[in-house]
Amino acid sequence: MKSKLYGALLLLALVALLSVACAADAVLGDGANHAPMHAEHHAAHAHMHPSRHAAHHPPHAGIAATRHAAHHGGGGDVEHTNAPLEDAREIRVVATEFAFEPATIRLQEGEAVNIVLVNEGIIPHEIDIPELNFHVHAEAGETVVAGLTPERTGTFEMGCYIPGHFEAGMVGEVVVEPAP
């Protein structure tokens, strides 16, 4: 029991350290490379949960950091959250450290929806669906609404690409089915 508690505290400490470093980068705008800290966080998570880690996280070091930097222009810009849509169905997604609930969202092609990101975590989280050009960012304790109208069918990856979050399990999918 003590080892699980210590492991959880270690993970929380690493996440806090990563968050402070990312915040400092956003404030200073220095574009510093967080790869060493990201690797430490990733290694700590893999060490504490080796079977869960292997099942959910194929070798993709740096994917989240690369996607996050590309989406944020490398400087932590979170101003491009999609605008909410009028009279659209709402889909509530709760973000915590480090999961989405629900992890799968089902939509119909051409259906206008508002995704309501409820961040119940203690650090920032986002939902990013690159193939559908969708992004919403919420600070800790914040609820943010963003609109999405998928124009094609398929299964699309959604994730929180803040460095370390995707690798820690903040990944899901959006299934867009043909309109009836």
Please list, in chain and number order, the residues 5+ apart from MET158 or on another chain whose amide H is under 5 Å from its amide H, with Hs placed from the backbone. GLY172, GLU173, VAL174
Karplus-derived HN-Hα couplings along segment 166-171 (A = 6.51, B = -1.76, C = 1.60, θ = phi - 60°), whole Hz, x at Gly and Pro: 4, 5, 7, x, 7, 9
Rounded to whole Hz and in sequence order, give me ³J(HN,Hα) for segment 136-144 from the Karplus expression 6.51 cos²θ - 1.76 cosθ + 1.60, θ = phi - 60°, writing x for Gly and Pro. 9, 10, 9, 6, 3, x, 9, 10, 10
Which ³J(HN,Hα) values in Hz, rounded to whole numbers, follow from the phi angles of segment 113-121 under the Karplus curve 6.51 cos²θ - 1.76 cosθ + 1.60, where θ = phi - 60° and Gly and Pro get x? 9, 10, 8, 9, 8, 9, 8, 8, x
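A short reminder: the numbers here are calculations on the coordinates, not readings from a lab. Remember, predicted model here, so these are calculated numbers, not experimental data.
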